[in-house]
Structure formats: structure tokens, C-alpha cells
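Engineer: Take a look at the following structure, please.
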Amino acid sequence: MRAMVFEGVGRPLREVRRPIPTPGPGQLLVRVHACGVCRTDLHLLDGEVQIASPPRILGHQIIGTVLARGGQEGAPAPGVEAQGAGAQGVEAQGAGAPDAGAQGAGAHGAQAGADGARVGVPWLGWTCGRCEYCTSGRENLCPNALFTGRDIDGGFAEYTVADERYCFPVPPSMSNEQAAPLMCAGLIGYRALRLCGPARRIGLYGFGAAAHILAQVCRWQGREVYAFTRAGDERTQAFARSLGAVWAGGSEETPPEPLHAAIVFAPVGPLVPLALRVLAPGGTVVCGGIHMSEIPSFPYSILWEERAVRSVANLTRADAKEMLALAPKAPVQTTVTTYPLERAGAALEDLRAGRFSGAAVILP
Ligand SMILES: [Zn+2]
Ligand SMILES: [Zn+2]
């Protein structure tokens, strides 16, 4: 198969030929139809987020068709020592221990492992099922987690393998390329929105793949979206308004009303105090990326009155189920720019330069 491989920081992705991977026990062999490009891929490329053992096939927003499945359930991910089954790992409130026996797959994962089924493969690739986070509905924080396209080969390739328990059925109404950006921008964006609580007026700083999905979710939920872009980026501000934003402006501007929450998707630390300054008392700023430049110091007065700053990390399978059920109802319609596999590097550079609206998707 053809694949685009990360070989080291500062080096461009390289096209290689590799054998089609063999699914291990509990894994699916997936023919990749589409794979979204994410800002995290840029952080990996630039070494701001580490890849422990290159070469690695990037890509963690995969839509594909199941071609085959490996042996019995509950197998460890590649490169992970088998551990005793978590016999005490009782299923905990819809987000519990994934290794707690055969139910784990059906309860949380795709139930879509049949040959020919269409599945989505997200960033969360494997969790241990045994740690304090996995056993308390917070598998997104599992210290042993493995992530698709960082620790496990991802979707910038014609084929991939994925643990069935972390794959999801794709909303039938969405095409492959439309659905791909849901698998990270949509799912982690949705988790960030959940962390905003019942906030009605929501600011989105950086109107890219995640924000363009969330704007549609917010509109459907009856929230008001305030879109913040680089100063003078009228194209993106118009794009935000077309998706239902009630206001769009530059990130230094003050919206007409104080906001109840803000999500900062751009990896730009100075946006955090800017967002704090436009929050109503009790509001939260959620930092939505895996990496951000340094946050400058700011006066306590803009945090006072129970304002909060927090981050969002990864996703749980419960987040994914909720978001993927909601997306066709809203309905979320993604704006995508497609690239052939060998142009994955160009897609990443176009993302860096802000050359497209919405999301980029690789079509192997
Ligand atoms: Zn864990
Ligand atoms: Zn991502």
C-alpha cells in the first residue's frame, strides 16, 4: 500500500510503499476512504508534540470500510504488553473499563466491525481500562493511552488497522469526506463545548475545522456563536456568519455582549487573556488544542468573579457516541478541501497558512 510517513521533526512527510497491515486480535483492517487533517498533525510535524518512535503514519480522522477482523476480543494494542484482564473493572456509567470483558466492544465501540461496514477511527486509539481515569469515566486522561497517528499508524495511507472498541459507526447521511473532520475536530470540539456548560453566548477563537462544526452544533442547540479571527480576515468572518455566527470580528475586538464561555482553538497563548476580558462573571475559557504558545501574564481582575481557564484533552468514547448521534440531527455539514494522498504534506502547509476554510481531507 501507499502511505505518507513521518520520519522526524523538520522533515517533510515521505511517500512510501508498505505491506498492507495484518489486523491483530480485536483489530479491524480498514480500507481508508478519507482522513482529515488536524492542527495536531502540524504540532507532530514540528515536534511540539512528540512522536516516540518514528517512522509513523500520521492521520487520526479516518473514515473507511472494514475489510477483515483479527482474532478474539480484548487484545492489547500493538506494542503493548498483555496484562491481566481487569476482572474488577465493572462497567461504570457508560464510560467505564474497556477491558472489562467482551461487553466492552459492543457497549462503547462501533458494533460496526462486520466486513463491509463503514467505520470512523478517532484520535483515541487505545486505553488501559485499569487506571483511575479509565475506571472513572475519564479515559481521555489515561496515562497509558495510545493515540492514532502518533503512537499507532494512522490514516494517511490506503489501509490501516484499528482496535474495534475505539471505532465508531459513521452517520449514514454523511459522505466519507464530509464525515472525516468529525473524528477529531468534531469530537474534541464537542467535548470542549460540553466543558462550557450551559453557556448561551459562546466565543470561538480561531474559526477552523473544529469551530466550523461547533458553530452548527451551537446554532442547533440554541446558543449564540461569536467568531473571532485574525484581525481583518473578512473571508473567515463571512464564513462564520454563513454558518450561523451572530457576530464575527477580530480577536482583539470586544463583542456587543459579554460571553458566557469561550473556546480557544488557535494555538496562540495571548488569546487566553483576550478571551478572559470579554467573559461575563462565572465564564470559562476552554483551551481546545494539544499545544499552545506561552500564555502571557495577566491581571487577576480579569479572572476574578469566578472566571476560569481550563484545557480539554482528547476524547472519551462516550463523547464520540453523543456527538456522532447529534451531528446528523443538527445537521452538521462540513466544508472540506480534498487532497490526494501524496499531497498530504501540501494539505498541512495549507492549514498552517490558512489557505482554506473549514477542514482539509486526504483521499487515499
Ligand atoms: Zn487507563
Ligand atoms: Zn486532531
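The values are calculated or read from the model by the stated rules, or taken from the named source; none is laboratory data. Keep in mind the model is a prediction, meaning the values are calculated, not measured. All Cβ positions, glycine included, derive from the backbone under ideal geometry; neighbour counts span all protein chains shown.
Engineer: Glu224 fails exactly one of the following numbered conditions: (1) crowded, with 24+ Cβ neighbours inside 10 Å; (2) closer than 22 Å to Thr254 by Cβ. What is the number of that condition?
Structural biologist: Tallying (1) crowded, with 24+ Cβ neighbours inside 10 Å; (2) closer than 22 Å to Thr254 by Cβ, Glu224 fails exactly one: (1).
Engineer: Next question, about the same structure. Would you check if Thr22 is at pLDDT 95 or above, more than 23 Å from Glu177 (Cα to Cα), more than 16 Å from ligand 2 (Cβ to nearest atom) and among the hydroxyl-bearing types (Ser, Thr, Tyr)?
Structural biologist: It is true that Thr22 is at pLDDT 95 or above, more than 23 Å from Glu177 (Cα to Cα), more than 16 Å from ligand 2 (Cβ to nearest atom) and among the hydroxyl-bearing types (Ser, Thr, Tyr).
Engineer: Just to verify a result, which residue in region 128-153, among those that are assigned to a helix (DSSP H, G or I) and in contact (Cβ under 8 Å) with a residue 60 or more places away in the chain, is farthest from Gly71 (Cα to Cα)?
Structural biologist: Leu141
Engineer: Something else about it: Pairs, please: C-beta under 9 Å, at least 6 apart or cross-chain, first residue assigned by TED's automatic domain parsing to the domain that holds Val66 and in region 154-180, second at pLDDT below 95 and assigned to a strand (DSSP E or B)?
Structural biologist: So the pair list comes out as Glu164/Arg69.
Engineer: When residues of region 169-191 are filtered for being farther than 22 Å from Phe356 by Cα and away from ligand 2 (no atom under 15 Å from the Cβ), how many remain?
Structural biologist: 5
Engineer: Give region 147-170 a look and list any residue that's over 17 Å from Cys38 (Cβ atoms) and within 16 Å of ligand 1 (Cβ to nearest atom), or say none.
Structural biologist: Those that are over 17 Å from Cys38 (Cβ atoms) and within 16 Å of ligand 1 (Cβ to nearest atom): Asp163, Arg165.
Engineer: Which condition does Ala105 not pass, out of (1) part of a loop (DSSP other than H, G, I, E, B); (2) at pLDDT below 95; (3) more than 16 Å from ligand 1 (Cβ to nearest atom), if it passes all the others?
Structural biologist: (1)
Engineer: Quick check on Arg39: is it within 16 Å of ligand 2 (Cβ to nearest atom), within 21 Å of Val336 (Cβ to Cβ) and among the charged types (D, E, K, R)?
Structural biologist: yes
Engineer: Going by what's in this entry, would Val286 be described as crowded, with 18+ Cβ neighbours inside 10 Å, in contact (Cβ under 8 Å) with a residue 24 or more places away in the chain and assigned to a helix (DSSP H, G or I)?
Structural biologist: No; evaluated as a whole, the condition is false for this residue.
Engineer: Follow-up. Restrict the check to region 171-185 and report whether at least one residue is of a type in the set (Ser, Thr, Tyr) and surrounded by fewer than 19 Cβ atoms within 10 Å (Cβ to Cβ).
Structural biologist: Looking for residues that are of a type in the set (Ser, Thr, Tyr) and surrounded by fewer than 19 Cβ atoms within 10 Å (Cβ to Cβ), one finds at least one in region 171-185, hence yes.
Engineer: Of all the residues that make up region 236-290, how many are in contact with a strand residue (DSSP E or B) (Cβ under 6 Å, 6 or more places away or on another chain) and of a type in the set (Lys, Arg)?
Structural biologist: Selection size over region 236-290: 1.
Engineer: Restricting attention to region 130-148, which residues are more than 15 Å from ligand 2 (Cβ to nearest atom) and either surrounded by 23 or more Cβ atoms within 10 Å (Cβ to Cβ) or at pLDDT below 95 (or both)?
Structural biologist: Scanning region 130-148 gives Cys134, Glu139.
Engineer: Restricting region 232-266 to residues that are assigned to a strand (DSSP E or B) and free of Cβ contacts under 8 Å to residues at least 40 places away in the same chain, which is surrounded by the fewest Cβ atoms within 10 Å (Cβ to Cβ)?
Structural biologist: The qualifying residue surrounded by the fewest Cβ atoms within 10 Å (Cβ to Cβ) is Gly250.
Engineer: So, one more: Which one of these does Thr338 not meet: (1) outside any loop (DSSP other than H, G, I, E, B); (2) out of contact with any Leu (no Cβ under 7 Å at 6 or more places or on another chain); (3) among the hydroxyl-bearing types (Ser, Thr, Tyr)?
Structural biologist: Among (1) outside any loop (DSSP other than H, G, I, E, B); (2) out of contact with any Leu (no Cβ under 7 Å at 6 or more places or on another chain); (3) among the hydroxyl-bearing types (Ser, Thr, Tyr), the lone unmet condition for Thr338 is (2).
Engineer: Residue pairs, Cβ under 9 Å, 6 or more apart or interchain, first in region 182-205 and farther than 15 Å from Ala308 by Cα, second of a type in the set (D, E, K, R) and within 11 Å of ligand 2 (Cβ to nearest atom). List them.
Structural biologist: Ala185/Arg39
Engineer: Take the residues of region 289-323 that are outside any loop (DSSP other than H, G, I, E, B) and of a type in the set (Val, Ile, Thr): which is nearest to Asp41 (Cα to Cα)?
Structural biologist: The qualifying residue nearest to Asp41 (Cα to Cα) is Val309.
Engineer: Now for a separate question. Go through the residues of region 343-352 one by one and say whether even a single one is assigned by TED's automatic domain parsing to the domain that holds Asn144, surrounded by 15 or more Cβ atoms within 10 Å (Cβ to Cβ), touching an Asp or Glu at 6+ places or on another chain (Cβ under 7 Å) and of a type outside the set (Phe, Trp, Tyr).
Structural biologist: Yes; the residues of region 343-352 include at least one that is assigned by TED's automatic domain parsing to the domain that holds Asn144, surrounded by 15 or more Cβ atoms within 10 Å (Cβ to Cβ), touching an Asp or Glu at 6+ places or on another chain (Cβ under 7 Å) and of a type outside the set (Phe, Trp, Tyr).
Engineer: Further question on the same structure: Return only the number of the condition from (1) in contact (Cβ under 8 Å) with a residue 40 or more places away in the chain; (2) closer than 26 Å to Arg241 by Cα that Asp319 does not satisfy.
Structural biologist: (2)
Engineer: Let me ask you something else. Gly125 fails exactly one of the following numbered conditions: (1) within 16 Å of ligand 1 (Cβ to nearest atom); (2) closer than 16 Å to Asn314 by Cα; (3) in a loop (DSSP other than H, G, I, E, B). What is the number of that condition?
Structural biologist: Looking at each condition in turn, Gly125 falls short on (3).
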